[in-house]
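> Sharing a structure here in structure tokens format.
The values are calculated or read from the model by the stated rules, or taken from the named source; none is laboratory data. Since the model is a prediction, treat every value here as computed from it, not as a measurement. Note that we place each Cβ from the backbone using ideal geometry, even for glycine, and neighbour counts take in every protein chain shown.
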Amino acid sequence: MKISSLPILLHALVGAFSFLCSGCGSSDLPGIEENDSAYDRGRAHLRQGNEEEALDEFLSVTRRIVQSPQSHIEVGRLLMKLDSRRDPVAAIYHYRRFLQLSPESKEAATVEQLIVTAEREIIRKLPGEPYVEHLEALGLREENNRLKRELSDMRVRLGLPLETTDTVQSPSASTPSASPAVPLVPAKPPEPSVPRTHVVQQGDSLYAISRKFYGDSAHIDLIFNANRDVLINKRSLKIGQKLRIPPRPAP
């Protein structure tokens, strides 16, 4: 199976699940999930730690009420958390239903990351060789989305419109007081010539380590190549491993 065909496979799996779920209940019944007794029971079960019972109640809500975004997100989370009922394909379906029903929600960005996590689990379970390149592509997409959000936040703080492009304006086209002055960032001191070391912690990845030591995530290959004696691949980090961090290459 080619790497490029994996997204199509994932969409096909989720699409098939969506079709099957369309017959699970009356999708055209009106209602508000917050007023539904099953929704209240599901929230109560969550508070008490009864996650299996909570999942059944929230599923009942999604089958009977169209506008049930919170029930969909709770179902997705529980399907990824409960080992006895783990189903990443079904979880992606419920996460996407949440995004369809509440696209402007504050939780939308978090749900998009949850979809990426579920996709990774599906890919890891596919037969044959691990799809390392595709998993790294998912990581780059996640990093790109984070950088876009940070750029938008910076524009707001500087009083710039969000739709402003990233191209640099030529001096002849610029005006003296068109935008607030941006403070100059002091140049970073030169990288030390002696390699540094880093002990792998919980949640570390080569992307995070690259950002920590170089200021961006573009140097994962540099770190990986310097530690091929201890790393099988770019995802094989183990807590407590000591990695060599080579100096940043000269521009």
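> Can you name the number of the only condition in (1) within 15 Å of ALA118 (Cα to Cα); (2) modelled with pLDDT of 90 or more that SER37 fails?
Unmet for SER37, out of (1) within 15 Å of ALA118 (Cα to Cα); (2) modelled with pLDDT of 90 or more: (1).
> Condition first: closer than 9 Å to PRO69 by Cβ and loosely packed, with under 11 Cβ neighbours inside 10 Å. Now tell me which residues in the range 98-113 satisfy that.
GLN100
> Among the residues of the range 82-94, count how many are free of Cβ contacts under 8 Å to residues at least 40 places away in the same chain, part of a helix (DSSP H, G or I) and of a type outside the set (A, V, I, L, M, F, W, C).
Residues flagged as free of Cβ contacts under 8 Å to residues at least 40 places away in the same chain, part of a helix (DSSP H, G or I) and of a type outside the set (A, V, I, L, M, F, W, C) within the range 82-94 amount to 5.
> Quick check: is even one residue across the range 213-236 in a loop (DSSP other than H, G, I, E, B), surrounded by 10 or more Cβ atoms within 10 Å (Cβ to Cβ) and at positive phi?
Within the range 213-236 (the criterion being in a loop (DSSP other than H, G, I, E, B), surrounded by 10 or more Cβ atoms within 10 Å (Cβ to Cβ) and at positive phi), the answer is yes, since at least one residue qualifies.
> What number of residues in the range 37-62 are within 19 Å of ARG86 (Cβ to Cβ) and either of a type outside the set (Ser, Thr, Tyr) or in contact (Cβ under 8 Å) with a residue 60 or more places away in the chain (or both)?
The initial filter retains those residues of the range 37-62 that are within 19 Å of ARG86 (Cβ to Cβ), namely 42, 45-46, 49-59, 62.
Within this subset, residues satisfying the condition of being either of a type outside the set (Ser, Thr, Tyr) or in contact (Cβ under 8 Å) with a residue 60 or more places away in the chain (or both) are 42, 45-46, 49-59.
Looking only at that region, the number is 14.
A quick yes/no check of all residues on (1) modelled with pLDDT under 90; (2) over 21 Å from ASP56 (Cα atoms); (3) not in a helix (DSSP H, G or I):
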| residue | (1), (2), (3) |
| --- | --- |
| ARG77 | no, no, no |
| MET80 | no, no, no |
| ARG96 | no, no, no |
| PRO130 | yes, yes, yes |
| GLY139 | yes, yes, no |
